[in-house]
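The values are calculated or read from the model by the stated rules, or taken from the named source; none is laboratory data. Note that the structure is a prediction, hence the values are computed from the model and not measured. We place every Cβ from the backbone using ideal geometry, glycine too, and count neighbours over all the protein chains shown. These area figures cover heavy atoms from the full protein model, side chains too; ligands, DNA and RNA do not enter into them. Shrake-Rupley method; radii C 1.70, N 1.55, O 1.52, S 1.80 Å.
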Amino acid sequence: MLIQGVKIIDPESAFHAQICDLLIENGIISAIGKPGSLAADKEEVISEEGLHVSPAWVDSGVVLADPGFEHKEKLAALAKAAAFGGFGRVICYPNTDPVIDHAQMIHALQQRSKPLPIHFHFLGTISKGAKGKELAEAYDMQQAGALGFSDGLHPLQSSGLMLRALQYYQAFEGLLLSYPDEESLSHGGQMNESAQSVKLGLKGIAEIAESSRMAEFLQMLDYAGGRLHVQPVSSPLALNLIQQFHSPEASLTVGGSIAHLCFDDSVLSEFDENFKLFPPLRDASQLKALQKGLQDGLYDLLFSGHYAQSLEEKQLEFARAEPGMLMLQTAFSIANKHLVKSGIISLDTLIHLLSHGPRKVFGLPSCSIAVGQKAELTLFQPEAKWTFSRNHLFSPAQNSPFLGQELEGKVLRVIC
Amino acid sequence: MRHLLGIKYISESDIHSIFQTADNFKDVINRPIKKVPSLRDTTIANLFFENSTRTRISFELAEKRLSADVVNFSASSSSVKKGETLLDTVNNILAMKVDMVVMRHPNPGAHVFLSKHIDAQIINAGDGTHEHPTQALLDCFSLREKFGEFKGLKVAIVGDITHSRVALSNIFALQKLGAKVRVCGPPTLIPKHIGSLGVEVSYDLKDTLRWADAVNMLRIQLERQDIAYFPSLREYSQLYGLDKEILDSLKKDLVILHPGPINRGVEITSEVADSEQAIILDQVENGVAVRMAVLYLLAGAK
């Protein structure tokens, strides 16, 4: 395969920011040359206006619905959505039914995902059944391929469990992942507590539900050591705590949800249930502070937070609708428009946070655009416009607020 | 106005035209023959997914006095308990050729949700902790009878502000009409960000009553509180209950409203509720006229 006149976006490559021709043979990058320097007599030649290439993107925050909730999205549909959105790898939360709390589940899912067009990775649960009580067999799951441990949609509540997990995982350098949530403060909340929640009469979740737990997370991490990845961080107060945190024994990384860094809760003014998320979208001033944190380099990676919901779970009154939105297909376009085009971060930074960022946090092999490297690439056109339509849905789920909208920034394909 | 989803979605001039129309209907309902043919051949479904006595009867009387055909539905006798979705329930009823829906529903935004999916006109008779627009309209209509105009009028709303759709709709309506609003209640029942609406906030009942020209004493709605926001009704009453002693100490003609039903002895004592200064029964009478006006204007806007 020959890719002609493509701009390389990869700060770790010698060809970064250059327009080149790229030759791929047997899944390996076999030659990189000046435009027109490589013979174009190949079986497949890709040549598109404004084409960019980067190491394939990795999404570290995908809610897996299969097994257990196949009516929302099957594994194969998730793979198609990810490939469409430019993601060569996805890291799935363990909240399937049954939950991923033992090694056999990981083996089984690896078998099922092997023939699919992208690479799947899985998190194991911290606790048996994700019930927040007893530790699950983390070492066994890590041996089977688990990239980290999280109770996912049921954020850690027990300080005791968290302490034991942070300590125990150090025996095998396991990674603990959680959203910081204080359930006694967030319980029953429908959206962010703000001027908007007052106007809508919806029960708000105060930012301190996240930041107070964040403070506890950091104290635990400082005390116990170990590796903690917090995602998403959607509270400026929590970001401040992270910024001040220094602990020689511990490793702290931070993930940002694209939706939470692009939208504020004014999008809920007409009770649009597709923007109902947990944690909730913050208000305009909080969003600005989060974007400042993104500019200051406080986030190690960005993820989509893709969470398919069927019509039965979403086409309901706001209070009854389940949280979550389809995001894999549109993650890049949304971030491109709201973060890059609006001048918050550069395209280079966005691509770093989607490619090298998650690989580093989750210990995946590094991947760079150089001769002799495995071709694991995302081809995209930041200036191309396209309309997100039903043709781009691969499961019965339709829970995207962007359906029917013209978006800017298109993925041509992912090679992995 | 195609629907009445909330006071938030209508303008000051909409409110004034509702009041002017209600003036006429108030005359009508005080005549020996209380019925007019305005809504003949219009079918209205009253869908009550939450218990209600006075609002439902008030709407039903308003509809019947306009000669509409009326069907009633209440959640207790319905398919809701069998797990049917709101959209299915309403679509089934609309398939029987209903022109207008008057709905009360426990979930905030239920009417906005419905308006995106159905063609019929929708009147909000209360959606959870969001809005109760006809209550705010009848409260303001009653204040207008007492005070004539709203510019500079000071109205206090006392009680559980967090869980009250009456409070929110009243704030929007009073502000659109030019009145000043202060909310007062236990700090646990006043939203942290309520000030963003431009209202004053106080935790002191006496001070609030000294400030106010009129006060709307909300009912404490224990059914809407998932956890205990104050220790006991006794203590609530000690801090925020309105009794004769406080009223006399003010030495002024404070006008007292209450959306009903009253918890006598909790937010308001019987002596106060039955006093000259309380216009609680005027509110109920005006409710029918105001709802007739809303139905009439919406039918005309179709």
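Most mobile of A:Pro11, A:Pro236, A:Pro365 per a Gaussian network model of chain A (Cα springs, under 10 Å)?
Highest fluctuation among the options: A:Pro365.
Interface B/A, total buried accessible area with a 1.4 Å probe, nearest 100 Å²?
Approximately 1800 Å² gets buried when B meets A.
Tell me the angle of helix B:280-301 to the major Cα principal axis of chain B, expressed in degrees between 0 and 90 and rounded to the nearest ten.
Rounded to the nearest ten degrees, it is 40.
Any idea of the accessible area per residue across chain A, 1.4 Å probe, to the nearest Å²?
Here the per-residue accessible area is 37 Å².
Given the -39500 (n - 2.57) contribution per DSSP H run of 4+ residues, what per-residue ellipticity at 222 nm results for chain B, rounded to the nearest 500 deg cm²/dmol?
Helix contribution divided over all residues of chain B: -12000 deg cm²/dmol.
What number comes out for the charge environment of A:Lys276, summing +1 per Lys or Arg and -1 per Asp or Glu over other residues with Cβ under 13 Å away? Let's see the in-between values first.
Values: positive: A:Lys203, A:Lys314, A:Arg320; negative: A:Asp265, A:Glu270, A:Asp272, A:Glu273, A:Glu313, A:Glu317, A:Glu322.
Computed value for this residue: -4.
How big is D, in µm² s⁻¹, for chain A by Stokes-Einstein at 10 °C and 1.306 mPa s if Rh is the Kirkwood radius over C-alpha pairs?
On the way: Rh = 21.7 Å.
My calculation gives 73 µm²/s for D.
Taking amide H positions as placed in the peptide plane 1.01 Å from N, state which residues far from A:Thr378 in sequence (5 or more) or on other chains have amide H under 5 Å from it.
A:Ser54, A:Ala56, A:Trp57, A:Ile415
Which whole-number percent is the relative contact order of segment A:190-262 (Cα, under 8 Å, 6+ apart)?
With pairs under 8 Å counted, the relative contact order is 28 percent.
Pairwise over distinct Cα atoms, reciprocal of the mean inverse distance: report the Kirkwood radius of segment B:133-280 in Å, one decimal place. Can you show the working numbers first?
Details: mean 1/r = 0.0660 Å⁻¹.
In segment B:133-280 this quantity evaluates to 15.1 Å.
Would you check the accessible area of A:His338, probe 1.4 Å, heavy atoms only, in square angstrom rounded to 10?
About 50 Å², ignoring ligands and nucleic acids.
If you line up the Cα atoms of segment B:202-302 on their principal axes, what length do they span on each, largest first, in Å?
Each principal axis gives a Cα extent; for segment B:202-302 these are 49, 38, 24 Å.
Compare A:Tyr307, A:Tyr179 by solvent-accessible area with a 1.4 Å probe and give them largest first, with all protein chains kept in place.
Largest accessible area first, the list is A:Tyr307, A:Tyr179.
So how tilted is helix B:54-65 from the main axis of chain B? Cα-based, degrees 0 to 90, rounded to 10.
With both axes taken from Cα atoms, the answer is about 40 degrees.
Sort A:204-212, B:186-194, A:181-189 by the packing proxy (mean of other Cβ within 10 Å over each peptide's residues), most packed first.
With the highest mean Cβ count within 10 Å placed first, the list reads A:204-212, B:186-194, A:181-189.
How much net charge surrounds A:Val414 when only other residues with a Cβ under 14 Å from its Cβ are counted (Lys, Arg +1; Asp, Glu -1)? Before the final figure, lay out each step's value.
Numbers: positive: A:Lys80, A:Arg89, A:Lys374, A:Lys410, A:Arg413; negative: A:Asp59, A:Glu376.
Taking every Cβ under 14 Å from that of A:Val414, the sum is +3.
Evaluate the charge dipole of the protein assembly as shown about its Cα centre and quote only its size in Debye, nearest 20, assuming +1 on the Cβ of each Lys and Arg and -1 on the Cβ of each Asp and Glu.
Here the size comes out at about 1180 debye.
If you take the Cα Rg of segment B:1-45 and divide it by 2.2 N^0.38 Å, with N the number of residues, what do you get? Don't skip to the answer; put the middle values down first.
Numbers: Rg = 13.2 Å, N = 45, 2.2 N^0.38 = 9.3 Å.
Cα Rg divided by the expected 2.2 N^0.38 Å: 1.41.
State the dimensionless ratio Rg/Rh of segment B:32-138 (Rg: radius of gyration of Cα atoms; Rh: Kirkwood radius).
Radius of gyration over Kirkwood radius for segment B:32-138 works out to 0.96.
Over all distinct Cα pairs, what is the inverse of the mean 1/r for segment A:260-416, reported as the Kirkwood hydrodynamic radius in Å?
One decimal place: 17.0 Å for the Kirkwood radius.
With the convex hull built on the Cα atoms of the protein assembly as shown, state its orientation-averaged projected area in nm².
So the Cα hull casts an average projection of 34.8 nm².
With viscosity set to 0.890 mPa s at 25 °C, what whole-number translational diffusion coefficient in µm²/s follows for segment B:6-74 from Stokes-Einstein and a Kirkwood radius over Cα pairs?
On the way: Rh = 13.6 Å.
After rounding, the answer is 181 µm²/s.
Partner chain Cβ atoms within 10 Å, averaged over the residues of A:317-323 - can you pull that number for me? Walk me through the numbers on the way to the answer.
On the way: counts 16, 8, 11, 6, 3, 0, 0.
Taking all residues of A:317-323 together, the mean is 6.
Once the cut-off is 36 Å, how many percent of the Cα-Cα pairs in chain B end up in the long-distance tail?
Above the 36 Å cut-off, chain B has 16 percent of its Cα pairs.
Considering only protein heavy atoms and a 1.4 Å probe, what is the carbon-and-sulfur percentage of the accessible area of the protein assembly as shown?
After summing per-atom areas, the C and S share lands at 49 percent.
Find out how many positive minus negative residues lie around B:Asn91, taking Lys and Arg as positive, Asp and Glu as negative, among other residues whose Cβ is under 12 Å from that of B:Asn91.
-3
Sum -39500 (n - 2.57) across every DSSP H segment of at least 4 residues in chain A, then divide by the residue count to get the 222 nm mean residue ellipticity, nearest 500. Could the numbers behind the result be given before it?
On the way: 14 runs with 114 residues, N = 416.
Theoretical 222 nm ellipticity from helices: -7500 deg cm²/dmol.
For chain B, set up a GNM with springs between Cα atoms under 10 Å and report which of B:Leu197, B:Leu114, B:Leu257 has the largest fluctuation.
The residue that fluctuates most here is B:Leu197.
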